[in-house]
C-alpha cells in the first residue's frame with residue numbers, strides 16, 4: 001500500500017504528464033502544476049528539485065515500464081524471430097492502449113527536445129536507442145535463425161520499425177474516438193500493421 005507521501009508524488013507526476021502533453025515542457029509552469037495537483041509549492045519541491053527533475057522521473061517510469069518490460073517479455077520467450085516479434089508487438093500495442101498518456105508524452109517530448117542539443121535531448125535519444133536496439137537484436141536473431149532476409153540492414157530496419165510504430169500509435173490515438181467501442185477494429189488495425197512490418201523482414205509471408 002502506498003503512503004500518503006507516495007500518493008502525492010504520484011498525483012504530481014500524473015498531472016505533469018497531462019500538462020506536458022497539453023502545453024509541452026517549455027510551455028508548462030510550476031504554478032500550473034501545483035494548481036492541477038492540488039498541492040503547495042513547498043510540497044512540490046519536497047518531492048522534486050525542479051521541473052527538470054519531474055521530467056526525469058517521467059522518463060524513469062517510461063524506461064521501467066516500457067523499455068525494461070519489453071526486454072523481459074522477449075527474453076522470456078524461446079521461439080523464433082517471427083514469434084518473438086509478435087510477442088514484442090503485442091506488448092507495445094497493449095502498452096499503448098493501457099498507458100497511452102505515458103507513451104504519448106514521451107513521443108511529444110522527444111519531438112519537443114529534438115535538435116536542441118541539451119542534456120534532456122541526449123537522455124531521450126539514449127532511451128530511444130535502447131528501444132531501437134531491442135528491435136535490432138530481434139532482426140539479427142531472425143537473420144541468424146534463417147527466418148529474416150539476410151540482405152536487410154538491422155540498424156536501419158530497426159529505426160524504420162521504431163518510427164513506424166511511433167507513427168502508427170499516433171494515428172491510432174487520433175482516430176480512437178471513431179472506433180472507441182469496437183475491439184474488432186483495434187485488433188484488425190494491430191494485425192495489419194504487425195504483418196505488414198513482418199512482410200518487409202521475413203523470407204516467407206507471416207502466418
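Rule-based calculations on the coordinates, nothing more; no lab input. Owing to the predicted nature of the structure, the values given are computational and were not obtained by experimental measurement. In this analysis, Cβ positions are derived from the backbone assuming ideal geometry, glycine residues included, and neighbour counts consider all displayed protein chains.
Build a GNM of the chain with springs between Cα atoms under 10 Å apart, and of 122, 42, 96 the one that fluctuates most is 42. Principal-axis analysis of the Cα atoms of the chain puts helix 100-113 at an angle of about 80° to the longest axis. Using the Cβ-Cβ distance between residue 49 and residue 87 with R0 set to 45 Å, the FRET efficiency from 1/(1 + (r/R0)^6) comes to roughly 0.75. Helix 81-98 and the long axis of the chain differ in direction by around 30°, with both axes built from C-alpha atoms.
Applying 1/(1 + (r/R0)^6) with r as the Cβ-Cβ distance of residue 31 and residue 77 and R0 = 30 angstrom yields a FRET efficiency of 0.05. Per the Debye formula on identical point scatterers at the alpha carbon atoms of region 1-112, with no solvent, log10 I(q)/I(0) at q = 0.12, 0.15, 0.18 Å⁻¹ is -0.50, -0.71, -0.90.
Each Cα pair under 8 Å and six or more residues apart adds its separation to the average, and for the chain the resulting relative contact order is 20 percent. For region 72-143, taking the reciprocal of the average inverse distance between every pair of different Cα atoms yields a Kirkwood hydrodynamic radius of 13.7 Å. Shown here are the Rg and Dmax of the Cα trace of the chain, at 19.1, 60 Å.
Taken as Cα centroids, region 170-201 and region 2-49 sit 33 Å apart, rounded to the nearest whole angstrom. When the helices of the chain are scored as -39500 (n - 2.57) per DSSP H run of n ≥ 4 and the total is divided over every residue, the value at 222 nm lands at -24500 deg cm²/dmol. Could you give log10 I(q)/I(0) at q = 0.13, 0.20 Å⁻¹ for region 1-48, computed by the Debye formula over C-alpha point scatterers of equal weight, without solvent? The Cα Debye sum returns log10 ratios of -0.27, -0.60. Compared with the dominant Cα axis of the chain, that is its longest principal axis, helix 51-62 is turned about 30°. Result for the chain in a Gaussian network model with C-alpha springs under 10 Å: among 67, 58, 111, the largest mean-square fluctuation is at 111.
Build a GNM of the chain with springs between Cα atoms under 10 Å apart, and of 157, 178, 40 the one that fluctuates most is 178.
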